[in-house]
Amino acid sequence: MIEIVLAETDEDIEVAKNLFSKSNNFVKNVLQEYNDFPWAVKYWQSCKEEVSQLPGKYGQPRACILIAMYKDSPTGCVGLLEGNGEVSIMTHLYVKEGFRGLGIGKSLVKTIIEYACLNNYKVMRLHTNLLLNVAINLYKSLGFEEVSHDRQYPEEVKDLIVNMELKLV
């Protein structure tokens, strides 16, 4: 019932734009108490720009967008970016409300891991936040581990950020 497809056509990209927007709105709602900070306003604007430019940096061959289809309806997405030659970055894992708990997120993550392995990445990284316990538990169940990171985060949210990594080889 769950089918994971690579976003390749113009129609797929429009679906991805919608799902990425929903993903951004979901996280924005989770972090609503921070949304008036200048850094947050700038961040959400950059997210809007990223969506408008899709596929942009998610263009293949080593980056991609996957869309989950459930009963022929787009229900979720995930993106993969190239960090450097050996490191991939998972982004925008999202499953629409009403479709959560069906294994769609897990299918998306497993498929993006397979895609990364096929493209010779040795590591997959991601960042999430402590308010997304379900996502953190999913990542841990698939072998991701919490790691430190040198990326700079705003003071107000730096203690919420969880950086994770999965060795692929």
Note on the range 46-133: contact order normalised by length, alpha-carbon pairs under 8 Å, 6 or more apart, percent, works out to 24 percent
In debye to the nearest 20, the charge dipole size for the range 2-167, taken about the Cα centre with +1 at each Lys and Arg Cβ and -1 at each Asp and Glu Cβ, equals 260 debye
Over the chain, the sum of -39500 (n - 2.57) across DSSP H runs of at least four, divided by residue number and rounded to 500 deg cm²/dmol, gives at 222 nm -11500 deg cm²/dmol
Any residue on another chain or 5+ positions along whose placed amide H is under 5 Å from the amide H of VAL147 is listed here as ASN163, MET164, GLU165
In the range 2-167, taking the dipole from +1 charges on Lys and Arg beta carbons and -1 charges on Asp and Glu beta carbons about the Cα centre, the listed residue (TYR115, GLY56, ASN137) farthest towards the positive end is ASN137
The extension gain from SER52 to ASN25, computed as 0.36 nm times the residue separation minus the Cα-Cα distance, is 8.3 nm
With label points set 7 Å from each Cα along the Cα-to-Cβ direction at ASN18 and GLU97, the distance between them in nm comes to 1.7 nm
Of SER88, SER23, SER46, the most mobile residue in a GNM of the chain (C-alpha springs, cutoff 10 Å) is SER46
Residues of the range 72-104 with backbone N under 18 Å of the label point set 7 Å from the Cα of GLU145 along Cα→Cβ are 87-88
Expressed as a whole-number percentage, the relative contact order of the range 2-167 with C-alpha contacts under 8 angstrom and at least six residues apart is 20 percent
So ASN120 and ASN84, fully extended at 0.36 nm per residue minus their Cα-Cα distance, gain in nm 11.8 nm
Going through LYS71/LYS158; LYS17/LYS106; LYS42/LYS167; LYS71/LYS167 one by one, the pairs whose alpha carbons sit over 30 Å apart turn out to be LYS71/LYS158; LYS42/LYS167; LYS71/LYS167
Cα-based Rg then Dmax for the range 56-147, in Å, read 12.9, 37
Quick calc, LEU130 & PHE37: beta-carbon distance into FRET formula, R0 25 Å, rounding 0.05, result 0.90
Checking GLU114, GLU155, GLU11 against a Gaussian network model of the chain (alpha-carbon springs below 10 Å), the top fluctuating residue turns out to be GLU155
Note to self: C-alpha centroids of the range 101-125 and the range 1-80 sit apart, in Å, by 16 Å
Quick note, the chain: a/c under 1.5 would make it rounded; otherwise a/b > b/c is prolate and the rest oblate (a ≥ b ≥ c, C-alpha gyration tensor); here it is rounded
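None of the figures in this text is laboratory data; all of them are computed from the coordinates on show. These figures come from a predicted structure and were not determined experimentally. Because the Cβ atoms are built from the backbone with ideal geometry, glycine has one as well, and the counts that use them run over all protein chains shown.
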